[in-house]
Amino acid sequence: MGTIHNANPAVKLDAWLHGGGRVVAASERAARTALANYHRRRRAEGLAAWPAPDVLSWQAFVRQEWAQRRIEGILILNPFQEQALWADIIHASGHGAALLPGPLRRLAGLCMEAHSLLCAYASQLLDPRSRRGWQQDAGIFSNWLETFDSECQARKLISAERITDDLTPLLRNDNERRPGLLLIGFDRLTPSQEQLFNAWGEWRLVESGNQASDIHSYSVSDPATELAACARWCRTQLDANPAARLLVITQEAPNRRGEFERAFRHENVPAEFSLGVPLSTVGIARAAALLLHWLDNSLSEHEIDWLFAVPYAGSAAERSILQAFHRQIRRRNQQRPQWTLDAFLAERAGVTLADPWVRRMRTTRQRLLVETRRTRKPLEWAELVPQLLNEAGWPGEQALTSSEFQAMRRWEQALAACGSLGFDGQRMEWNKFLLELDQALAITLFAAESEDAPVLIAGPAESAGIDADAVWFLSTDDDSWPSRGSLNPLLPPEVQRATQMPHATAQQDRELAQAMTERILQSAPTVCFSYARLQEGVERRASRLITKLTTNFEVKTEQLPAELTHRTLPKPQTERIVDTNRIPLRASEGAVAGGSRLITTQSLCPFQAFAVERLAAEKWEAAQAGLTALVRGNLLHEAMALVWGGTATGGIRSLTELKSLPNLTSFVASHVSTAVRAKLPAGARERMPARYLELEEQRLTRLVTEWLQYEARRQDFSVENVELKHEVKVDGLTLRVRLDRVDRLNDGSMLVIDYKTGDEKPNKWDLPRPEDAQLPLYAGFALPHESEAGGLVFAKVRTGEKNMGFAGRVTAAKTTLLGDLTNSSSLLKNPLTIEQLDAWHAKIQQLALDFLAGRADVDPRELPRTCEKCGLQPLCRIHETAAYTGIANEEESADE
């Protein structure tokens, strides 16, 4: 009953097991590691078979011994059952947190935590008589705890946290001879653990071996550099010794898991995490949950997009059709933030869904509607779920990988746990059962079986009992280590301090962190500590605890060595060749629907034009709850087309007709109403409130009325065309374009107008690389040959007199457009000239020829702004290029 120090822990452990002793590890991970190391040593000895060692985790050990001594049929509550029992007690008490499921569940979790702390550190306070002085929240919890104990006793239930307290007296009264216990991985024994071990008999606490002989403490500029250096260090260690076992300790793995995976993959270092990820984030489990929700509820657009992309919701052919169907919905501007299954199946998008998939989904949904007509026991719902999923086609037709198979088994365990919620005979509705299943998936961790990777990434506490050849401890700054926590709000603070519960005082946190650090220094011959000097814009300093310990070993904090900051790449085995080949546009490909967009994108970035127009790549635009800017723009264009459409639309065609209108607002309102009926996307009226659409119609009426009042100030003009569809040819390239409006000015020239609701500026047309080539293209190629271009303007149809107006280039703006222009007006200072038209004409021809020739260079007009608006970065991978990296570095330097 004490501590055994041994220069070689493996020798001690083997001797203990060979002598008939038992090993108890602090965690499941430590137990698995001990077993794996034991088997590895036996294989190294040349053995082909050997007796299984008696190694158990703490939880498994306690449950096994308790089950052997308690035969009265007492049910051990699993975490879901215990939380449900606490929630029922809280709800019955009438507490305010019981009004909503979320707060009720969180409060039940706090009760479980408080109960666990009492069981581990102050079991004497489980007697309600010892809690009579507790007040306020602690007093309320005390009453709930008393009810919890009564319910457990009446129903023959026991919390898993009570097993230790219940087993200890049973061991004291049992005189049987028991094997000695060797404890590994315990940084700190709780009072209840120590009492149980004393009641057991002989036990020993073994620590790791000798102190590390090679200790380093590194100061790094930022967290990304620190992580990259750690991954590179692992690579160098494995290069020197391929059989090495490395341990990376971090508290940030749950939040930065993706960064860790990328960093180690970049260095080609096999690594695995000690902790798993929430089962709700694992593909096969998430797909099952989404399918269940879709049968009786709705899914968001991005959830449906994800579901069609993974191989768990149907055959590959079915999913290909579903993806095409969903793309077509977006192309037709019929997207919705939420989709019910019925609405999705009823949508018409020009793509026919696969009949087998449609039949399966409809049949499954109909069955669920029948089954949900009455409440059921959780176990009945749990038995129904696999049947529904099987009918819906989950988990797909492909053979499952080992990891997917393990995840499916974990899913089944979580589902069974939800089914066990009927332990008290309760019945529930389907929606409540789904909420419980969602919660179970969120708190259930999944980790695939260990592949015995040479690098293990673990937290400080989880690393207990794990020996390695070398250790790197990340983020050991003063704010992160010792780690900080908070008191449980349901237990009196003085009780937590008196019983030395976790985080009761800063001193306790420091002592525990020191014990962990000293244990880490004894777990490997080489130990490295590191911290980032700057995190999220805040300067950090080294942990004083680490500084003190390393100073004792005459170790000073140093900068990273060169081999960890500059990666030495092996000589490439392949020759890099710059591919300058181009794929010209074939004549058979015909007219390009992109119109002016093609010329604009070719100017912005040749690859963007190639990807959009020839590879049919699309930027994904998320659906919005209200009308999108695109829909609002379409409604405005339609209203303007009706207003200026002449007698065919009941509209007008000239300034004279505009000024002669008896009631401008009434005139506009009728045309706006017609435009909304014609252009409002299908389904918008059914999913958007009528009052919202009414207000949108009123807003548009006011906006168009204000614009017409502005246009009434113009010089005399007439409207030649509205929404003019036209095919233009630019050196062999056929473009389909549509001009919003073309006016004939008082000098006989043509004014090309493009409606905009934003603050557009004509400098977008500036050469040598115009940011927008739409109006220059119209002026040079879409107007009749005998026509003269008198101006190109954006009509900025925006609310507010200062925001509204024309912006562009006009030959004689004061005499042909607006007579009240001041000399400071941009329209007067920058008139349209023949030279400009000729220059634009030549540039557009060159851009067209480049596109026809297949020029597709990744050459953004302006880094990084052009790329930020593109949306095709995954296709061109611009972020991986040196040019983009250089821009990013410059921005970071400027920020600093």
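Give me a count of the residues in the range 390-432 that are outside any loop (DSSP other than H, G, I, E, B) and closer than 30 Å to A87 by Cα. Of the residues in the range 390-432, 22 are outside any loop (DSSP other than H, G, I, E, B) and closer than 30 Å to A87 by Cα. In the range 241-253, the residue that is nearest to Q535 (Cα to Cα) out of those that are open to solvent by 10 Å² or more (accessible area, probe 1.4 Å) and not aliphatic (A, V, I, L, M) is E252.
Exactly one residue out of L792, L767, L783, L777 is more than 30 Å from D859 (Cα to Cα) and either aliphatic (A, V, I, L, M) or crowded, with 23+ Cβ neighbours inside 10 Å (or both), and it is L783.
Filtering the range 799-851 to residues that are open to solvent by less than 60 Å² (accessible area, probe 1.4 Å) and assigned to a loop (DSSP other than H, G, I, E, B) leaves G800, M804, A812, L817, G819, L821, S825, P831, L832, T833.
Within the range 711-732, residues that are closer than 24 Å to L827 by Cβ and in contact (Cβ under 8 Å) with a residue 60 or more places away in the chain have Cβ atoms under 7 Å from residues that are open to solvent by 30 Å² or more (accessible area, probe 1.4 Å) and among the β-branched types (V, I, T) in these pairs: Q715/T815, counting only partners at least 6 apart in sequence or on another chain.
Pairs are defined by a Cβ separation below 6 Å, a sequence spacing of at least 6 or placement on different chains, a first member in the range 174-189 that is within 25 Å of E511 (Cβ to Cβ), and a second member that is aromatic (F, W, Y) and modelled with pLDDT of 90 or more; the pairs so defined are L181/W203.
Could you list, in sequence order, the residues of the range 290-335 that are open to solvent by less than 30 Å² (accessible area, probe 1.4 Å) and either over 28 Å from G626 (Cβ atoms) or in contact with a His (Cβ under 7 Å, 6 or more places away or on another chain) (or both)? Selection gives L291, L292, L299, I304, F308, V310, Y312, A313, G314, S315, E318.
Restricting the range 50-68 to residues that are among the small types (G, A, S) and within 20 Å of A10 (Cβ to Cβ) leaves a set whose member that is least open to solvent (accessible area, probe 1.4 Å) is S57. Report whether or not L693 is outside any helix (DSSP H, G or I), open to solvent by less than 80 Å² (accessible area, probe 1.4 Å), farther than 24 Å from K802 by Cβ and among the hydrophobic types (A, V, I, L, M, F, W, C). It is false that L693 is outside any helix (DSSP H, G or I), open to solvent by less than 80 Å² (accessible area, probe 1.4 Å), farther than 24 Å from K802 by Cβ and among the hydrophobic types (A, V, I, L, M, F, W, C). Whenever a residue of the range 397-424 is closer than 13 Å to T444 by Cα, its partners that are among the charged types (D, E, K, R) and part of a helix (DSSP H, G or I), lying with C-beta atoms within less than 7 angstrom and at least six residues away or across chains, give the pairs C418/E436.
Within the option set I71, I76, being under 30 Å from L99 (Cα atoms) and open to solvent by 20 Å² or more (accessible area, probe 1.4 Å) holds for one residue only, I76. Evaluation of L353 against the conditions (1) closer than 27 Å to V370 by Cα; (2) part of a helix (DSSP H, G or I) shows that the sole unmet condition is (2). The residue of the range 150-161 that is farthest from the chain's Cα centre (by Cα), among those that are part of a helix (DSSP H, G or I) and crowded, with 17+ Cβ neighbours inside 10 Å, is C152.
From the list G485, G537, the one residue that fits, being closer than 20 Å to D222 by Cα and under 31 Å from the mean Cα position of the chain (by Cα), is G537.
One residue alone among P101, P191 is touching a Leu at 6+ places or on another chain (Cβ under 7 Å) and either under 30 Å from L521 (Cβ atoms) or surrounded by fewer than 15 Cβ atoms within 10 Å (Cβ to Cβ) (or both), and that residue is P101. Which residue is nearest to A231 (Cα to Cα), if the candidates are limited to the range 264-286 and must be among the β-branched types (V, I, T) and either touching a Lys or Arg at 6+ places or on another chain (Cβ under 6 Å) or without any contact (Cβ under 8 Å) to a residue 60 or more places away in the chain (or both)? Ranking the qualifying residues of the range 264-286, first place goes to V269. Residue count for the range 484-501, restricted to those that are out of contact with any Pro (no Cβ under 9 Å at 6 or more places or on another chain), free of Cβ contacts under 8 Å to residues at least 40 places away in the same chain and in a loop (DSSP other than H, G, I, E, B): 2. For the range 208-240, enumerate the residues that are part of a loop (DSSP other than H, G, I, E, B), touching a strand residue (DSSP E or B) at 6+ places or on another chain (Cβ under 9 Å) and surrounded by fewer than 20 Cβ atoms within 10 Å (Cβ to Cβ). Hits for the range 208-240 are S213, S221, D222. Across the range 698-718, the qualifying residues are those that are charged (D, E, K, R) and part of a helix (DSSP H, G or I), and the one among them that is least open to solvent (accessible area, probe 1.4 Å) is E711.
The values are calculated or read from the model by the stated rules, or taken from the named source; none is laboratory data. Remember, it's a predicted structure, so these values are computed and weren't measured experimentally. When we count neighbours, we look across all protein chains shown, and the Cβ atoms used for this are built from the backbone with ideal geometry, even at glycine. Keep in mind that these areas ignore ligands, DNA and RNA; they rest on the heavy atoms of the full protein, side chains included. Shrake-Rupley method; radii C 1.70, N 1.55, O 1.52, S 1.80 Å.
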